[in-house]
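Notes follow the structure.
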Amino acid sequence: MAESVKVAVRVRPFNQREKDRGSKCCIKMQNKTTSIQNLDQTGSEPKLFTFDFSYWSHDSFEMDDKGVSQPIPGSSYASQRIVFDDLGQGVLNNAYEGFNTSLFAYGQTGAGKSYSMVGYGPNKGIVPITCDELFKTVEGNTNADLKYCVSFSMLEIYNEQVRDLLQKQNPKGGLPVRQNPSIGAFYVQGLTKQVVGSYREIEAKMDEGTSNRTVASTAMNATSSRAHTVVTIQFDQIKKNEVGEETKRTSIINLVDLAGSERAGSTGATGDRLKEGANINKSLSALGNVISMRFIRMIQNVQTCNMCTVYGVRCTVFTVCAVQVQYVLYVYCVTHVQYSRIMYVV
């Protein structure tokens, strides 16, 4: 197993609204280094941060005949496939070796987290590519003494309540999070877990779950996710030994699209939106504390309890931070990159 925590930072292209406003980019990336420049202070030194990966996805790309963004030859553009090869493949490699793994996408609302995790249109993100590659391994198995079983579940944590995204109706107050006293692991009681036999089945379940996610419009993002979304894949490897006895090795993969952190003044949040934002920020702070303390204190809130199954000595955590590219959001850029830096030094 590789290092226990790997951290990446990624910057997206300007969206149409940002282009219309004549936004300027305050971020540069070179190799593993991310620099953030305060454009309002002429001659000021940029703030420099180093991570395992710094992904430049702001420009220098072109569309192929399938509509997939590809790097212009000689550019440093990081495509969806490049991000998967660095992060998603690491998730799979750990699962094949029997380790638990989590991959988190973190960042301010509207920064591009869902693009990295889920993708849009033909530009598939880490989650669908990981599932597709997993089933290529399953379907390519030629060992008669080895079989695989893949189970899928999808939930969201909204205002500290767990909702099953594969069900239209959820109990009032959400599903309870329990702890198995014999092994100490946490689990969500009543959560749907379905055995899937192909990538197409997972894709259909992801589409079903995505349609049930809690989203709302804010001043910064017309389709802001108001909850943390967790796709969990249980990967069982069942092997028969020389005397015909079967042993099972289980890995848990959590692919987590965290709700965007935000400041009420920027999002224009009031009422329910304000309450949601407060809970989002609270849980993100708890998660950062857990990771930075090397997983010593787990039971801080619903989110960290639910993540416990993939924390500990048999796990690797990958984090990709999506950062806002606009110079008018300079303070937010610095804050979010500093949050990622806390994880990187673990």
- ARG81 versus (1) in contact (Cβ under 8 Å) with a residue 24 or more places away in the chain; (2) in contact with a Lys or Arg (Cβ under 8 Å, 6 or more places away or on another chain); (3) not aliphatic (A, V, I, L, M): which is the lone unmet condition? (2)
- Task: Find the strands (runs of 3 or more DSSP E) located wholly in the stretch 1-83 whose residues include 2 or more that are within 18 Å of the chain's Cα centre (by Cα), at pLDDT 90 or above and closer than 30 Å to TYR96 by Cβ, and list them.
- Result: 5-11, 53-56
- Message: I need a count of the residues in the stretch 194-204 that are under 11 Å from SER151 (Cα atoms) and surrounded by fewer than 14 Cβ atoms within 10 Å (Cβ to Cβ).
- Response: 3
- Message: Among the residues of the stretch 130-137, are any open to solvent by less than 50 Å² (accessible area, probe 1.4 Å), without any contact (Cβ under 8 Å) to a residue 60 or more places away in the chain and within 20 Å of the chain's Cα centre (by Cα)?
- Response: yes
- Task: From LEU146, LEU165, LEU155, grab the single residue that is surrounded by fewer than 18 Cβ atoms within 10 Å (Cβ to Cβ), in contact with a strand residue (DSSP E or B) (Cβ under 6 Å, 6 or more places away or on another chain) and either among the aliphatic types (A, V, I, L, M) or modelled with pLDDT under 95 (or both).
- Result: LEU146
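Of ALA95, ALA111, ALA144, which residue is closer than 21 Å to SER54 by Cα and either without any contact (Cβ under 8 Å) to a residue 40 or more places away in the chain or of a type in the set (Gly, Ala, Ser) (or both)? So that I can check it myself, show each step before the final result.
Details: ALA95 fails: closer than 21 Å to SER54 by Cα; ALA144 fails: closer than 21 Å to SER54 by Cα.
Exactly one residue qualifies, and that residue is ALA111.
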- Message: Being within 15 Å of THR319 (Cα to Cα) and of a type in the set (Phe, Trp, Tyr): is that true of TYR96 here?
- Response: no
- Query: Across the stretch 173-188, which residue is surrounded by the most Cβ atoms within 10 Å (Cβ to Cβ) among those that are at pLDDT 85 or above and of a type outside the set (A, V, I, L, M, F, W, C)?
  - Reply: GLY174
- Query: Residues LYS24, LYS32, LYS6, LYS47: which one is open to solvent by 30 Å² or more (accessible area, probe 1.4 Å), touching a residue at least 12 places away in the same chain (Cβ under 8 Å) and farther than 22 Å from LYS113 by Cα?
  - Reply: LYS47
- Item | The lone exception for GLY90 - which of (1) at pLDDT 95 or above; (2) under 30 Å from LEU134 (Cβ atoms) it fails | (1)
- Specify the residue that is most open to solvent (accessible area, probe 1.4 Å); the eligible residues are those in the stretch 234-279 that are at pLDDT 80 or above and of a type in the set (S, T, N, Q). THR247
- So which residues in the stretch 118-128 are in contact (Cβ under 8 Å) with a residue 12 or more places away in the chain and surrounded by fewer than 21 Cβ atoms within 10 Å (Cβ to Cβ)? VAL118, GLY119, GLY121, PRO122, ASN123, LYS124
- Do you know which residues across the stretch 73-92 are of a type outside the set (Gly, Ala, Ser) and open to solvent by 70 Å² or more (accessible area, probe 1.4 Å)? PRO73, ARG81, ASP85
- Please state which of the following conditions ASN170 fails to meet, knowing it meets all the rest: (1) open to solvent by 10 Å² or more (accessible area, probe 1.4 Å); (2) under 17 Å from MET206 (Cα atoms). (2)
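The values are calculated or read from the model by the stated rules, or taken from the named source; none is laboratory data. Predicted model, so just to flag it, every value in this text is computed and none were measured. As a convention, Cβ positions derive from the backbone with ideal geometry for all residues, glycine included, and neighbour counts pool all protein chains shown. The protein model used for the area step is the full one, side chains on, heavy atoms only, and it has no ligands, DNA or RNA in it. Shrake-Rupley method; radii C 1.70, N 1.55, O 1.52, S 1.80 Å.
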